[in-house]
Amino acid sequence: MKFKIVFILFLAFIKTFCQEKVTIDDLYFEDGIAYNKSDNKKFTGILQDKKKRNHIKWEEIYDNGSRTKILVYFNIYNRQVVCDEFIFNVKTSQKTKHIGYSSDGSRYWETEFDENQKKKNFSFYKSNVLYTYQEFKNNKKHGKWFCIDKQGNKYEIEYNNGKKIKSQTIL
């Protein structure tokens, strides 16, 4: 059993780190599908754009020609930091999630989108603790909202179609 788990992890590692890395000059696109110019096959791998000093500006991850993820980088004090991550539905090519990161990694925020590309919910974390959670419907405040203020007080607010229904402090 241990051998099977190790073997599966090994294969996942190989697939992740041995993906082909190319530039935009190596690909062409037809109907939103990426093809490798060298063999005219659907591209699976990583498309990169780099700055002059070989710092990566962004990466797009493709699987069988479809974009699954975009990573945008910042270079701070000669360290490369992921700043934004966009995740896409492979079947529809629509953005399903956007994750943003602070430069020191202590804070991040996550936005999920519905099938119409409208904001569904938003979460903000600080030191892996949820500080804000917001729900939306048709781009209006809807559902339960949660937040922690600077003094550490916790609040819950409920909205219905953009209108505040109730607000309470959580002990």
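The values are calculated or read from the model by the stated rules, or taken from the named source; none is laboratory data. Keep in mind that this is a model prediction, so the values were computed, not measured. Virtual Cβ from ideal backbone geometry, glycine too; neighbours counted across all protein chains shown. Ligands, DNA and RNA are excluded from the accessible area calculation, which covers all protein heavy atoms including side chains. Shrake-Rupley method; radii C 1.70, N 1.55, O 1.52, S 1.80 Å.
Of note:
- For K51, the aspartates and glutamates whose Cα falls under 20 Å of its own Cα, not counting residues fewer than eight places away in the same chain, are E20, D25, D26, E59, E60, D84, E85.
- Computed Kirkwood radius, in angstrom, where 1/r is averaged over Cα pairs of the stretch 33-92: 12.5 Å
- Ligands, DNA and RNA left out, the accessible area of the chain computed with a 1.4 Å probe is 52% carbon and sulfur.
- Heavy-atom SASA rank of F136, F74 (probe 1.4 Å, accessible area, largest first): F74, F136
- At a probe radius of 1.4 angstrom, the accessible area of the stretch 44-147 per residue rounds to 61 square angstrom.
- Note on the chain: dipole from Cβ charges, positive end direction compared against Y125, T96, N36; the farthest Cα belongs to Y125.
- The chain: calculated mean residue ellipticity at 222 nm from DSSP helix runs of at least 4, using -39500 (n - 2.57): -3000 deg cm²/dmol
- In this structure, the pairs whose alpha-carbon distance is over 30 Å, taken from K97/K144; K37/K118; K91/K154, are K37/K118; K91/K154.
- Summary of packing: across the peptides 140-147, 56-63, the per-residue average of other C-beta atoms within 10 Å ranks them, highest first, as 56-63, 140-147.
- By the Cα gyration tensor, the chain has an equivalent ellipsoid whose semi-axes, rounded to whole angstrom, run 37, 21, 18 from largest to smallest.
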